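Quick notes on the structure that follows.
The values are calculated or read from the model by the stated rules, or taken from the named source; none is laboratory data. From a predicted model like this one, the values you see are computed outputs, not experimental measurements. Note that we place each Cβ from the backbone using ideal geometry, even for glycine, and neighbour counts take in every protein chain shown. Accessible surface areas use protein heavy atoms only, side chains included; no ligands, DNA or RNA. Shrake-Rupley method; radii C 1.70, N 1.55, O 1.52, S 1.80 Å.
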Amino acid sequence: MSQYKIIFTGPVGAGKTTAINSISDMPPIKTDASASDMTKSRKASTTVAMDYGIMNLPGGEKLHLYGTPGQERFDFMWDILVNGGIGLVLLLDNTRADPFQDMKFFLDTFDKFISTTTVAIGVTQMDLSSKPTIDDYHVQLRNIGLKPPVFAVDARVKSDVSLLIQSLLYTLDPGLEE
């Protein structure tokens, strides 16, 4: 039985905890605490260490799903969590002031990890803010020399999160079957 590790990252409120909750085959382990800084204006609680869930795959394989804290003050956890990971799911909140700046920050921060694995990007909250578009994200990514899969996702919808994970896995191994 093979076991793999995927990391979910992105800014506060992008949907990391929600995505893991929607796709995990077990009740996720969460390390939420009451928000005490500017995060309080976006949500009541925030991840301070990690979220953890498991996806069971056909044939007994397992995907271990780890969500990073979104706040930079907990960045020491980022290096710990990527250890042994096979890929990164970057979630971006389209309602934030500058989602391209968020994207660049996380891609730069996780650059070393991404260079040895891969990344897939999910853009959340597009129902609340349709701009920038997915095409705009592709243009920004091309400008920095990247061509990862990018999708509009609702982190609450299992099929959306599943598509994002599948795209990450297919990027790692294009010969994978469903």
Discussion item. Run lengths n ≥ 4 of DSSP H only: what is the helix-derived mean residue ellipticity at 222 nm for the chain, with -39500 (n - 2.57) per run over all residues, to the nearest 500?
Written reply: -9000 deg cm²/dmol
Practice prompt. Run the dipole for the chain about the Cα centre, Lys and Arg Cβ at +1, Asp and Glu Cβ at -1, nothing else charged, and hand back the magnitude in debye, nearest 20.
Written response: 280 debye
Worksheet item: How large is log10 I(q)/I(0) at q = 0.15, 0.19 Å⁻¹ when the Debye formula is applied to the Cα atoms of the chain, each weighted equally and without solvent?
Response: -0.81, -1.37
Response to the item:
Expressed as a whole-number percentage, the relative contact order of the chain with C-alpha contacts under 8 angstrom and at least six residues apart is 24 percent
Worksheet entry | Theoretical gain in end-to-end length, Ile80 to Asp127 [0.36 nm per residue, Cα-Cα removed] | 13.6 nm
Worksheet, complete the sentence: Carbon and sulfur atoms account, in whole percent of the 1.4 Å probe accessible area of the chain, for 52 percent
Worksheet item: Which entries in the list Lys30/Lys62; Lys104/Lys131; Lys30/Lys158; Lys30/Lys147; Lys62/Lys104 go over 28 Å, if you measure between the two C-alpha atoms of each?
Response: Lys30/Lys147; Lys62/Lys104
Item to complete: Only loop residues by DSSP count here, and only those with at most 16 other Cβ atoms within 10 Å; note down the trypsin sites (Lys or Arg not before Pro) in region 107-178 that meet that.
Response: Arg156
Worksheet entry | Per residue value of the accessible surface for the chain (all protein chains in place, 1.4 Å probe), Å² | 50 Å²
